Amino acid sequence: MKREIHNLIQRSPEWDQFRLEHDGASEAAAMLGLSKNVTRSELLRAKHTGIAKEFSDFVQERILNHGHEVEELARPMAEAILG
């Protein structure tokens, strides 16, 4: 299996578009119908139409943005481990 690296800036329009066109690990629970936040049907609809689910300001600010911040902090550690 060939590893391909996509140099995208998180939360940029290019990153958003990439996420709509590709499957990601963060979507695994929704793919399996196990997510409490996104149903499998919502995920499939977004992938099919190219229109992402919109979240409330509260969810965006309190949950999603925090997750992005933590991921940014963890990324250098993961890159050091993976080379």
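The values are calculated or read from the model by the stated rules, or taken from the named source; none is laboratory data. Please read all numbers here as calculations on a predicted model, not as lab measurements. With ideal geometry, Cβ positions are generated from the backbone for all residues, glycine too; neighbour counts draw on all protein chains shown. Keep in mind that these areas ignore ligands, DNA and RNA; they rest on the heavy atoms of the full protein, side chains included. Shrake-Rupley method; radii C 1.70, N 1.55, O 1.52, S 1.80 Å.
In table form, for the structure just shown:
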quantity: Residues within the range 50-66 that are open to solvent by 60 Å² or more (accessible area, probe 1.4 Å) and closer than 14 Å to Asp16 by Cβ, tallied; calculated: 5
quantity: Per-region count, the range 1-41, residues open to solvent by less than 90 Å² (accessible area, probe 1.4 Å), of a type outside the set (Gly, Ala, Ser) and without any contact (Cβ under 8 Å) to a residue 40 or more places away in the chain; calculated: 12
quantity: Where Ala78 falls short, out of the listed (1) open to solvent by less than 70 Å² (accessible area, probe 1.4 Å); (2) in contact (Cβ under 8 Å) with a residue 60 or more places away in the chain; calculated: (2)
quantity: Long-range neighbours under 8 Å by Cβ, at least six apart or interchain, first residue under 14 Å from Asn37 (Cα atoms) within the range 54-73, second open to solvent by less than 60 Å² (accessible area, probe 1.4 Å); calculated: Phe55/Leu64
quantity: Condition broken by Glu71, with the remaining ones in (1) open to solvent by 70 Å² or more (accessible area, probe 1.4 Å); (2) over 14 Å from the mean Cα position of the chain (by Cα) satisfied; calculated: (2)
